[in-house]
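Below is one structure; the comments refer to it alone.
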Amino acid sequence: MSFYQYKDYIEEGDIVLAFISRQAIKPITIKKGEQLNTRYGHFQHDKMIGMKYGEQMGGARGYGFIYLLHPTPELWSISLPHRTQIVYTPDSSYIIQRLNVTSGTRVIEAGTGSGSFTHAFARTTGLNGRVFSYEFHEPRYLEAKKEFEDHNLENTLITHRDVCHHGFEIETIPEHFSSNGSIEGDVVFLDLPSPWTAIPHLKKVISTTNRVGICCFSPCIEQVDKTIKSLQENGWINIEMTEVAGRRWEARKELVRDIKDVVKRLKDIQSRKGQGIENRRNVKVQAGEKREFSEVDNDDDTDDQKFENLGKGYNPFGKGIRVKEGDENYEWRNVTKIESEIKTHTSYLTFAYYVPSKET
Ligand SMILES: C[S@@+](CC[C@H](N)C(=O)[O-])C[C@H]1O[C@@H](n2cnc3c(N)ncnc32)[C@H](O)[C@@H]1O
């Protein structure tokens with residue numbers, strides 16, 4: 001199993017993302033004799049072995065079902081064990097394309113945190129690329145290191161380091177990460193509380209031949225301000241700040257109503273108003289009542305019955321009978337609706353570039 005290459009069939013030792021519901025995706029490592037217990041049923045690992053990734057699996061004694069999904073960085077980011085706040089796919093995918101991260105890119109990332117973005121970098125840069133990730137919190141570093149080994153992220157090297165105080169240089173880099181002992185990063189991603197203190201250390205580890213891109217991920221505008229100053233002081237150019245604001249778009253069909261419907265509707269309201277007043281006047285006269293009445297329409301007919309009475313068969317404004325969206329007997333137009341409010345602010349993304357001078 002690997003995050004780089006997909007395979008068809010599940011084997012012992014593989015990681016499977018058990019899709020229980022949209023809100024519950026559980027990573028499991030397949031081990032003979034074990035079972036996954038969920039509130040929807042029990043699922044034996046033995047039966048998963050040999051099944052195809054993507055297949056639906058029924059629970060023991062016929063209760064419940066799950067889907068057995070192949071791990072991807074996108075699914076991993078919504079199922080991983082959180083050790084910190086993480087970068088989600090809407091931000092990571094934007095950063096990856098904007099910084100032109102591709103197969104063979106050498107990435108410098110700090111801090112590693114829960115390793116959510118590390119997986120996306122590792123998959124995109126592939127076996128020809130390299131990811132140098134740094135984390136100063138020891139337990140988090142150890143967990144991430146084990147996780148990257150378990151997930152076969154062979155192109156990723158994690159280092160236990162405070163990059164703001166001690167920089168990014170690595171004394172002994174394994175041969176397959178660098179043949180000349182230098183990191184030569186093409187892309188830098190900083191998700192740190194104070195990226196401006198790490199920026200001055202970057203010059204020693206970035207590429208001396210290619211243009212280098214950086215993205216600093218900070219939730220507060222004050223952090224952006226300090227980061228921009230540090231970038232400018234350290235020779236970074238083309239500085240721009242962006243925010244990715246996710247919104248759900250709903251696509252559906254809306255019933256087309258024509259002007260004749262509107263006119264009929266207005267006439268109907270008028271006539272019902274008049275009829276209502278008349279009815280109540282008669283009732284009052286019969287009952288000999290003296291109390292005042294309002295012009296509220298409390299006619300018992302539904303809007304839809306009224307329209308049927310008008311020969312329309314269906315009231316395009318009313319309650320009552322529901323017309324199924326897309327019903328071929330009516331005319332529809334395709335519309336899109338967006339959420340009126342943006343509910344999430346993740347972080348500000350500050351981008352910049354460094355062009356090595358001719359001398360270097
Ligand atoms: C918000 S988390 C990063 C999350 C990560 N981008 C992800 O997608 O999972 C920030 C991490 O930076 C680490 N950190 C903070 N300051 C650091 C420093 N000076 N050097 C190295 N790591 C640092 C923290 O321990 C924390 O784990």
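Listing for the model above:
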| read-out | value |
| --- | --- |
| Most to least accessible of Thr336, Thr84, Thr350 (protein chains only, probe 1.4 Å) | Thr336, Thr84, Thr350 |
| Charge dipole magnitude, Cβ of K and R +1, D and E -1 - the chain, Cα centre, debye nearest 20 | 1120 debye |
| Relative contact order for the stretch 15-71, counting Cα pairs under 8 Å that sit 6 or more residues apart, in percent | 36 percent |
| For the stretch 15-71: rounded, prolate or oblate by the Cα gyration tensor [a/c cutoff 1.5] | rounded |
| Protein accessible area in the stretch 15-71, 1.4 Å probe - carbon and sulfur % | 48 percent |
| Residues with amide H under 5 Å from that of Lys253, placed H, sequence gap 5 or more | Val335 |
| The chain: most fluctuating residue of Gln35, Gln275, Gln232 per GNM, C-alpha cutoff 10 Å | Gln275 |
| Inter-label distance, nm, simple model (7 Å from Cα along the C-beta direction), Arg248/Asn210 | 3.9 nm |
| Extension reserve of the Glu74-Lys337 stretch, reckoned as 0.36 nm per residue once the Cα distance is removed | 92.1 nm |
| Spin-label model distance (nm) - Ile259 vs Glu55, 7 Å beyond Cα toward Cβ | 6.2 nm |
| Order by protection proxy (mean Cβ within 10 Å, highest first), peptides 3-13, 181-191 | 181-191, 3-13 |
| Relative contact order (%) - the chain, alpha-carbon pairs under 8 angstrom, separation at least six | 14 percent |
| MRE, 222 nm, helices only [DSSP H, n ≥ 4, -39500 (n - 2.57), over the chain, to nearest 500] | -8000 deg cm²/dmol |
| Solvent-accessible area of Lys260 with every protein chain in place, 1.4 Å probe, in Å² to the nearest 10 | 140 Å² |
| Surface per residue (accessible, 1.4 Å probe) for the stretch 2-74, Å² | 59 Å² |
| Length gained when the stretch Thr102-Tyr6 is fully extended (0.36 nm per residue, less Cα-Cα span) | 32.8 nm |
| Gain in span if fully extended, Thr172 to Asp225, counting 0.36 nm per residue against the direct Cα distance | 15.6 nm |
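The values are calculated or read from the model by the stated rules, or taken from the named source; none is laboratory data. Just so we're clear, the structure is a prediction, and the values are computed from it rather than from any experiment. Ideal geometry is used to build each Cβ from the backbone, glycine not excepted, and the neighbour counts take in all protein chains shown. Accessible surface is based on the protein model in full, side chains and every heavy atom, while ligands, DNA and RNA are left aside. Shrake-Rupley method; radii C 1.70, N 1.55, O 1.52, S 1.80 Å.
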